[in-house]
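The values are calculated or read from the model by the stated rules, or taken from the named source; none is laboratory data. None of the values given here were measured: they were computed from a predicted structure. Cβ: placed from backbone, ideal geometry, glycine included. Neighbour counts: every protein chain shown. Calculation scope for accessible area: heavy atoms of the full protein, side chains included, ligands and nucleic acids excluded. Shrake-Rupley method; radii C 1.70, N 1.55, O 1.52, S 1.80 Å.
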Amino acid sequence: MEENFDPDLIHAIFKLVWSRRNKKVEGNQGIDLEGGAGTSKKTRATTANASALKVSCELLRLFVAEAIQRAALIAEAEGIDIIEPTHLERVLPQLLLDF
Amino acid sequence: METLGDDGIGIGSGGESDKERQEEAEQEAALLRDRLRLSVISMASSHAKTLGMTISEPVVACIADLAFKQAEQMGRDVELFAQHAGRKSVNMEDVILSAHRNEHLMGLLRDFAQELKGKEPCTERKRTKKALKNENKVQEPIEMLD
């Protein structure tokens, strides 16, 4: 596979997740009376460097590739050349455990 | 009965501005999910072709959704790792660590990271050499741990 995910897309997904978490943490700090030095670190937004994004893209690419390869093995074993949901179902548990 | 899968139930967020923000975030998530799905569709069809097989639509949709969930989970994991290391910024090692569940996978990522480091001085636009190298490595499925 020559193609890969767009690092900007992955970055956008990460930022969404981080801002979601940030809001939750800020919400909790309002309730949490202890506040103070310990929690101040967490309210700063997380960032990622460019190479980390590239490695993340690679990781997701491997995920997609593995899913297809493992499902394809099952389909091949059944003598079918089209990958069906039942094939994906069979490989899903181990796939999710591995990733 | 509540399970761990229930999200956002229990603690009231209170105030309408929170709900608006939540809706905005959901819309953004839907947009990103669609963009990811497009990428996955093209990757999946070309990969299936190289294997000499076709891939049915529901399977591609399922993989795309799973990939989105993986990406979200990855974001959470690397954020925690970086914070744990006292950093604000996620680096390559955080990402590699998040793949610790499969040794082989972690090794592949480390190699990829090494190659990236090696190419640091010149900005690579066409990663053809690296893509070829990786393609050779992932020819067989990743070994499953017993």
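Across the stretch B:41-52, the number of residues qualifying as more than 7 Å from chain A (Cβ to nearest Cβ) and within 30 Å of residue A:47 (Cβ to Cβ) comes to 1.
Okay, residues lined up against (1) modelled with pLDDT of 90 or more; (2) touching a Lys or Arg at 6+ places or on another chain (Cβ under 9 Å):
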site	(1), (2)
B:17	no, no
B:31	yes, no
B:43	yes, yes
B:62	yes, no
B:69	yes, no
B:88	yes, yes
B:101	yes, no
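If you go through the stretch A:74-96 and keep only what is at the interface with chain B (Cβ under 7 Å from one of its Cβ atoms) and either of a type in the set (A, V, I, L, M, F, W, C) or on the phi > 0 side of the Ramachandran plot (or both), you end up with A:75, A:82, A:83, A:88. I'd like the full set of residues that are at the interface with another protein chain (Cβ under 7 Å from one of its Cβ atoms) and under 17 Å from residue A:80 (Cβ atoms), limited to the stretch B:53-78. Passing the criteria: B:53, B:54, B:55, B:56, B:58, B:59. Reported count of residues in the stretch B:69-102, each being free of Cβ contacts under 8 Å to residues at least 12 places away in the same chain, part of a helix (DSSP H, G or I) and within 28 Å of residue B:37 (Cβ to Cβ), is 8.
In the stretch A:74-99, the qualifying residues are those that are farther than 20 Å from residue B:57 by Cβ and out of contact with any helix residue (DSSP H, G or I) (no Cβ under 6 Å at 6 or more places or on another chain), and the one that is least open to solvent (accessible area, probe 1.4 Å) is A:98.
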